[in-house]
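K.L.:
The structure is given below, and queries will be raised subsequently.
Quick note: the coordinates plus some simple rules give every number you see, no bench work behind them. Quick caveat: nothing in here was measured; it's all calculated off a predicted structure. Cβ atoms come from the backbone with ideal geometry, glycine included; neighbour counts cover every protein chain shown.
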Amino acid sequence: MEIPILSDLQSEGKVPDILFWVGCAGNYDARAQKITRAFCEILNSIGYSYAILGEEEKCTGDPARRAGNEFLFQMLALQNIQTLNQYQVKKIVCTCPHCFNTLKNEYPDLGGYYEVIHYSEFLNCLIKENKIRLNSDKGGLVTYHDSCYLGRINGIYEAPRSVIDSLQHELVEMKRSRKNGLCCGAGGAQMFKEEENGTKRINAERVEEILTTNAKTVVANCPFCITMIQDGIKEKDKQDEIMVYDLAELIIQNLNKS
């Protein structure tokens, strides 16, 4: 795919409208790479002006801070802020709620002031402005998982649901949703460790709620959540019956490219 690098654009005297912050998962995790490609495919299809940092992008430091390594967090954050300020970045769009929360709410304490937008809100605006055109086919029954870092921490509930509605899917809510949503089990650096002995896996409990909706499609907006939900579905041996999609992937399926 043709994905513009910010340093290349600026050397040509071009300034993109947004910087797409890919994130560690979007760069290195095989499943999350599909989300990155889907989001870039959407932007490419409508000719939107964007760029990524490429190899200049470091981890935001979110997992380090959650795990208690404040020194490592600040070291990574200051490196990123220096890079972003060097390129005079003003507007950042993230596909990962963890990156979104850190850049938006925690970087200002270290001097990093940017307009940071989660891609669910960004894509919803593009759909409402008719810049993203969708096919008119009616979608099926889906359920939506609220990620903690987008929902309860940042209060963003309606934008993802508005995108699902624009795709003409029938949304059935889980027992715990919106401000009462259940964590996937990967937040707070828990992604990188196992549950303590004797405790029920949180993603297994979440999948049990998914099964009660009878939806065959689960929509999420976070690479950590998608991994955890997919693992829970496999544990229930339902991977051939229930599919897990990111919002961007769902849009690609219904994108009108004509």
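K.L.:
Holding the Cα-Cα limit at 23 Å, pick out from Lys34/Lys234; Lys91/Lys128; Lys138/Lys179; Lys216/Lys236 the pairs that are longer than that.
P.N.:
In this structure, Lys138/Lys179 exceed 23 Å between Cα atoms.
K.L.:
Amide H neighbours of Thr217 under 5 Å, at least 5 residues apart or on other chains, H built in the peptide plane: list them.
P.N.:
Under 5 Å from the amide H of Thr217 lie the amide H atoms of Thr143, Met243, each far enough along the sequence or on another chain.
K.L.:
Order by neighbour count: Glu129, Glu121, fewest other Cβ atoms within 10 Å first, most last.
P.N.:
Glu129, Glu121
K.L.:
I've got another one for you. Going by amide H atoms built from the backbone, whose H comes under 5 Å of the H on Leu134, apart from near neighbours?
P.N.:
Sorted by chain and number, the residues that satisfy this are Asn256.
K.L.:
Still on this model: In whole Å, what three semi-axes, largest first, describe the equivalent ellipsoid of the chain built from its Cα gyration tensor (square root of 5 times each eigenvalue)?
P.N.:
On the way: eigenvalues 170, 120, 42 Å².
Rounded to whole Å, the semi-axes are 29, 24, 15.
K.L.:
How big is the gap, in Å, between the Cα center of region 205-258 and the Cα center of region 116-157?
P.N.:
15
K.L.:
Per Stokes-Einstein, at 20 °C and 1.002 mPa s, what whole-number D in µm² s⁻¹ belongs to region 134-253, with the Kirkwood radius over Cα pairs as the hydrodynamic radius?
P.N.:
Here the translational diffusion coefficient equals 147 µm²/s.
K.L.:
Among His145, His169, what is the fewest-to-most ranking by other Cβ atoms within 10 Å? Please report the intermediate quantities before stating the final value.
P.N.:
Values: His145 26, His169 22.
Least crowded to most crowded, the residues run His169, His145.
K.L.:
Based on the Kirkwood radius over alpha-carbon pairs, what is the Stokes-Einstein translational diffusion coefficient of region 6-123 at 37 °C with 0.692 mPa s viscosity, in µm²/s?
P.N.:
Values: Rh = 14.5 Å.
My calculation gives 226 µm²/s for D.
K.L.:
Shifting gears a bit: Within the chain, what percent of beta bridges assigned by DSSP are antiparallel, to the nearest 5?
P.N.:
5
K.L.:
Just tell me which aspartates and glutamates come within less than 15 Å, Cα to Cα, of Lys90; anything on the same chain fewer than 8 places away is out.
P.N.:
Once the sequence-local aspartates and glutamates are set aside, what remains near Lys90 is Asp17, Glu115.
K.L.:
Quick check on the exposure proxy: order Ile156, Ile3 from fewest to most C-beta atoms within 10 angstrom.
P.N.:
The fewest-first ordering by Cβ neighbours comes to Ile3, Ile156.
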